[in-house]
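The values are calculated or read from the model by the stated rules, or taken from the named source; none is laboratory data. Quantities reported herein were computed from a predicted structural model and do not represent experimental measurements. All Cβ positions, even for glycine, are placed from backbone atoms using ideal geometry, and neighbour counts span all protein chains on display.
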Amino acid sequence: MGEGAGMLGREKAAADLWKHTLSQIHTIFGRLAYLSSLRDGNTGVYQHHGLSMASGQETAGRTLAESHLDCFRAWLALPLRAQHDDLREYFSQQEAELKVIVSAWGRLGSYRNLIPAGAAAAERQLFLADLESLVATLRNECGAGRSDPSE
């Protein structure tokens, strides 16, 4: 397949991904978390059965990697207050209560796994600084201080 055909295949795959999946996730952070969950932690390869069936594994993998990086950059482009609101909305959709989540995030730093491989060093640093600040702010807002015995 030529470069032009590959590009068209990725554009169609990206449109399908948006239409059938990402548009259903109402927060940018939720999309970021979802896309990062499709990446195998051992290989770095993205996998999505439906997208692979429709466009092939290679096109699906590239599309997911590009979508992950695009979503990551969209998150970084938000002002800190908008990130706060988006993250709070994302957390409100989770089963665990906010206090438990921000305590765990503060201890474990699991948000580090959300960074796409293609992110530049400066983007990685900004993301981590923003998330650490947001987690601290949310911890204060919900009273999840360091006195929690599970920490």
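No other residue among 102, 135 is within 22 Å of residue 37 (Cβ to Cβ), in contact with a Leu (Cβ under 8 Å, 6 or more places away or on another chain), of a type in the set (A, V, I, L, M) and surrounded by 13 or more Cβ atoms within 10 Å (Cβ to Cβ) apart from 102. Take the conditions at positive phi and within 17 Å of the chain's Cα centre (by Cα) and apply them to residue 44. Does it pass? Yes; evaluated as a whole, the condition is true for this residue.
Within the range 7-61, the set of residues being free of Cβ contacts under 8 Å to residues at least 40 places away in the same chain, assigned to a loop (DSSP other than H, G, I, E, B) and either out of contact with any Asp or Glu (no Cβ under 9 Å at 6 or more places or on another chain) or closer than 20 Å to residue 74 by Cβ (or both) comprises 21, 25, 38, 40, 42, 43, 45, 48.
For residues in the range 105-121 being surrounded by 14 or more Cβ atoms within 10 Å (Cβ to Cβ) and within 15 Å of residue 87 (Cα to Cα), which is modelled with the highest pLDDT?
Looking at the filtered set, the residue picked out is 114.
Residues in the range 66-98 that are farther than 15 Å from residue 29 by Cβ and in contact with a Lys or Arg (Cβ under 8 Å, 6 or more places away or on another chain): 1 in all.
Within the range 17-33, restricting attention to residues that are surrounded by 18 or more Cβ atoms within 10 Å (Cβ to Cβ) and not hydrophobic (A, V, I, L, M, F, W, C), the residue that is nearest to residue 83 (Cα to Cα) is 27. From the list 62, 81, 39, 124, which one is at pLDDT 95 or above and either crowded, with 20+ Cβ neighbours inside 10 Å or under 24 Å from residue 10 (Cα atoms) (or both)? 39 is the lone residue from the list that is at pLDDT 95 or above and either crowded, with 20+ Cβ neighbours inside 10 Å or under 24 Å from residue 10 (Cα atoms) (or both).
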